[in-house]
Amino acid sequence: MEITQLNILAIGRDPAILQVVERLINGHDNWLATVVTTDGQALAAFGQQRFPIVFVCAGVSTAEEDVLRKCLTAIDANVIVARHYGGGSGLLENEVRAILDHQGIYITTKK
Amino acid sequence: MNTILHKAATRGHADHGWLESYQSFSFADYYNPERIQFGTLRVLNDDRVDGGKGFGSHPHDNMEIISIPLEGSLVHEDNMGNRRVVGKGEVQVMSTGSGVFHSEYNNSPGQPAKFLQIWVFPNRLNVTPRYDQVNRDPAMEHNQLQTIISPEPPEPPAGNPLPIFSTTEPAGNPLPMSSAPGTWIYQDAWFQIGHFDKAKAVTYQRHQPGNGIYLFVISGSFQIGDQLLNSRDGLGITASETITATAVDNDSEILIMEVPMQNKME
């Protein structure tokens, strides 16, 4: 599947860490982050646009993650809800690339 | 026994001038789908930081981060109120849990600092962040392995702890055992380190079924079975309860990391 922009939703409880995650995602061409701190905000954002990737970040429990995954996959069965580990620069790009590879998603340059 | 070999020359490499990093597993710009992790061992970076340079304040969360300086020292500062210098002969651990901001700089203005930075997935999420730093005892690492990392809680220092490793002469004669506890992380992982004279052998006994063992040669070379490991080579081993490594060169140093191959969240 080809897309021109990769929308990534990141949900976590620590706004300062989310700010860094947002900056790192947006530092990549054609990647665009939406960051939220509550499950309600995540569901609202998900209802407004398609996010192939949802990252679950610091402060979200595994139980909350399970509920989120269930709700979000009910809306879009193709969404990948994955935990982001490490809090920023070290693994984020790797995690995105692994999901894109797994899902067969290719980002093409806008014309 | 199943093995996976990571020769030093096949690692990822990033040269940012002030920072040069060799990465045994995918990290930052280095992405190799065949080299993502070894069980819960996710990052093994072999870094050099120029004098006076370093990493400004940045966050981490939900990762056990172990730093082992090999040359020089780093000054660490975090939002938990810690400001510590960690140098050769010490081990630093951060359980980053719910989130921590920290900086780390070379503590010397003119000399490079070299260190291993290792990340292990935790078995508990969102714990209160924790910092620890311990000394290594060179005498406890000579021709034997010293434990530097073990699971929480640390093994009791008194009483009759079970021997967790043994050192043997090539002929099989036992040498003294060591049980220095080091520090701990939120994972069923054990790290041991030692430097060995030529022809000395050590047999590592796995602590927990299902765990894998990753050997990383810091200096010199070791023979493990029919595999010769040279400086900075790594060898992952699964489905084996014991591993014997024999030093091929004098003053050969090895780091042995036992980690769960599947993460069981508590």
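Readers should treat all values here as calculations from the given coordinates under stated rules, not as data from a laboratory. Note that the structure is predicted; figures quoted are calculated from it, not measured. Every residue, glycine among them, receives a Cβ derived from its backbone with ideal geometry; neighbour counts consider all protein chains shown.
For peptide B:213-220, the mean count of partner chain Cβ atoms within 10 Å of a residue's Cβ comes to 0.
Among A:17, B:218, B:68, a tally of other beta-carbon atoms within 10 Å of each Cβ gives an order, fewest to most, of B:218, B:68, A:17.
Averaging 1/r over every pair of different alpha carbons in the stretch B:11-135 and inverting the result gives a Kirkwood radius of 14.7 Å. Given +1 at the Cβ of Lys and Arg, -1 at the Cβ of Asp and Glu and no other charges, the dipole of the stretch B:183-248 around its Cα centre is 140 debye to the nearest 20.
Computed over the protein assembly as shown, the per-residue total of -39500 (n - 2.57) for DSSP H runs of n ≥ 4 gives a 222 nm mean residue ellipticity of -4000 deg cm²/dmol, rounded to 500.
In terms of overall dimensions, chain B has a Cα radius of gyration and Dmax of 17.6, 52 angstrom. Scattering from the protein assembly as shown was approximated by placing one identical point on each alpha carbon and applying the Debye formula without solvent; log10 I(q)/I(0) at 0.11, 0.12, 0.13 1/Å stands at -0.79, -0.93, -1.07. Think of each Lys and Arg Cβ as +1 and each Asp and Glu Cβ as -1; about the Cα centre, that makes the dipole of the protein assembly as shown roughly 500 debye. Mean separation of Cα pairs under 8 Å and 6 or more residues apart, divided by the residue count, gives chain B a relative contact order of 19 percent. Rounded to the nearest 5, the antiparallel percentage of DSSP beta bridges internal to the protein assembly as shown is 85%. Residues A:108, B:246, B:40, ranked from the fewest to the most other C-beta atoms within 10 Å, line up as A:108, B:246, B:40. Think of each Lys and Arg Cβ as +1 and each Asp and Glu Cβ as -1; about the Cα centre, that makes the dipole of the stretch B:11-135 roughly 200 debye. Residue pairs exceeding 24 angstrom between C-alpha atoms, taken from B:88/B:264; B:7/B:264; B:7/B:198; B:53/B:88: B:88/B:264; B:7/B:264.
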